[in-house]
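Q: Before I ask anything, let me first share the structure, which is written out below as structure tokens.
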Amino acid sequence: MRVATGVMLVIAFLAGAAVIAGLWLDTRESADARCWMDETPVGVEVSETALVSAESTAWPVGRRCEWRSASRDGVIVTQTGWPRTIALLVVGGCSIPLAVVGILRRRLAGLAPLAVCVVAFGAAAFWAG
């Protein structure tokens, strides 16, 4: 149990760090600037006013960019952050059985990996606003 808890704790810290670092990379100057720095999606109007809106998002933890379409009949949305959000959810989900076993055996250290995932997601959601 101690080895499993230690391994899951390391994996939870890595997943949490990936979520926080990914959000920082997605929004480090501003969400608008990061949208313009990424590759422009296909079908977007070529103009300086093509970016309709940009924001950091809590679900998934990343950045959302809305672009005016070239045909002017709608918007094209790009979203970052799905892979790291899913990774954090998988690690958190795998931590739940470990936490349950830890509670049943009265070892609170078994809750640590799940707590790390919850805190990392909470911090990212708070940061994203």
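Q: Using only C-alpha atoms and all pairs of different ones, pull out the Kirkwood radius for the chain in Å with one decimal. Could you put the intermediate results ahead of the total?
A: Values: mean 1/r = 0.0620 Å⁻¹.
About 16.1 Å, per the Kirkwood formula over Cα pairs.
Q: I've got another one for you. As an exercise, identify the trypsin sites (Lys or Arg not before Pro) in the stretch 44-129 lying in DSSP coil whose Cβ has no more than 12 other Cβ atoms within 10 Å.
A: Listed in order of number, the matching sites are Arg72, Arg105, Arg106.
Q: Report in % the part of the accessible area of the stretch 28-114 that belongs to carbon and sulfur, leaving out ligands and nucleic acids; probe 1.4 Å.
A: Working: 3120 of 5210 Å².
That fraction is 60 percent.
Q: Between the stretch 75-95 and the stretch 1-54, how far is it from one alpha carbon centroid to the other, in angstrom?
A: Comparing the Cα centres of the stretch 75-95 and the stretch 1-54, I get a distance of 10 Å.
Q: Let me ask something else about it. At 1.4 Å probe size, what's the solvent-accessible area of Thr40? Round to the nearest 10 Å².
A: Thr40 exposes around 70 Å² with every protein chain in place.
Q: Could I ask something else about it? Sticking with the crude label model, points 7 Å out along Cα→Cβ, report the distance from Leu14 to Val118 in nm, one decimal please.
A: 2.4
Q: Which three semi-axes in whole Å describe the equivalent ellipsoid of the stretch 59-129, each the square root of 5 times a Cα gyration tensor eigenvalue, listed largest first? Can you show the working numbers first?
A: Working: eigenvalues 289, 25, 8 Å².
Taking √(5λ) for each eigenvalue gives 38, 11, 6 Å, largest first.
Q: Let's see if you can work this out: charge +1 on each Lys and Arg Cβ, -1 on each Asp and Glu Cβ, no other charges. What is the dipole magnitude of the chain about its Cα centre, in debye to the nearest 20?
A: On the way: 11 positive and 10 negative charges, 210 e Å.
For this selection, approximately 1000 debye.
Q: Suppose R0 equals 25 Å; then what is the FRET efficiency for Ser69 and Phe126 from their Cβ-Cβ distance, rounded to the nearest 0.05?
A: Details: r = 33 Å, r/R0 = 1.32.
The formula returns an efficiency of 0.15 here.
Q: Separate question: Would you mind checking which residues have amide H under 5 Å from Thr57's amide H? H placed 1.01 Å from N; only 5 or more apart, or other chain.
A: Gly62, Arg63, Arg64
Q: OK, next. Roll a 1.4 Å probe over the protein heavy atoms and report the accessible area of Leu108 in Å², nearest 10.
A: For Leu108, the solvent-accessible surface is approximately 130 Å².
Q: In whole Hz and in residue order, list the ³J(HN,Hα) couplings for the stretch 16-32 that follow from phi through the Karplus curve 6.51 cos²θ - 1.76 cosθ + 1.60, θ = phi - 60°; x for Gly and Pro.
A: In residue order, the calculated couplings are x, 5, 5, 5, 5, 5, x, 5, 4, 5, 6, 10, 4, 8, 6, 5, 4 Hz.
Q: Lys/Arg Cβ at +1, Asp/Glu Cβ at -1, dipole of the chain taken about the Cα centre: which of Gly22, Thr5, Leu104 is farthest positive-ward?
A: Leu104
Q: While we're on this one: Hey, with R₀ at 35 Å, roughly what FRET efficiency would Thr49 and Leu25 work out to, going by the Cβ-Cβ distance, to 0.05?
A: Numbers: r = 26 Å, r/R0 = 0.73.
Using R0 = 35 Å, I get an efficiency of 0.85.
Q: At 1.4 Å probe radius, can you tell me the per residue accessible area of the chain in Å²?
A: On the way: 7590 Å² over 129 residues.
Ligands and nucleic acids excluded, the result is 59 Å² per residue.
Q: Relative to the longest principal Cα axis of the chain, at what angle does helix 112-128 sit, 0 to 90 degrees, rounded to 10?
A: That helix lies at roughly 20 degrees to the long axis.
Q: For the chain, take the longest principal axis of its alpha carbons; what is the angle in degrees between that and the long axis of helix 82-104, to the nearest 10 within 0 to 90?
A: Helix 82-104 sits at roughly 20 degrees to that axis.
Q: Right, something else. Would you mind calculating the gained length between Val3 and Leu89 on full extension (0.36 nm times residue separation, minus the Cα-Cα distance), in nm to one decimal? List each step's numbers first, then the result.
A: Values: separation 86, 0.36 × 86 = 30.96 nm, distance 2.13 nm.
Result: 28.8 nm gained on full extension.
Q: Follow-up. In the chain, which cysteines lack any other cysteine Cβ under 4.7 Å from their own?
A: Cys94, Cys117
The values are calculated or read from the model by the stated rules, or taken from the named source; none is laboratory data. Computed from a predicted structure; not experimentally measured. Please note: Cβ atoms are built from the backbone with ideal geometry, for glycine as well, and neighbour counts cover all protein chains shown. Only protein heavy atoms, including side chains, enter the accessible area calculation; ligands, DNA and RNA are left aside. Shrake-Rupley method; radii C 1.70, N 1.55, O 1.52, S 1.80 Å.
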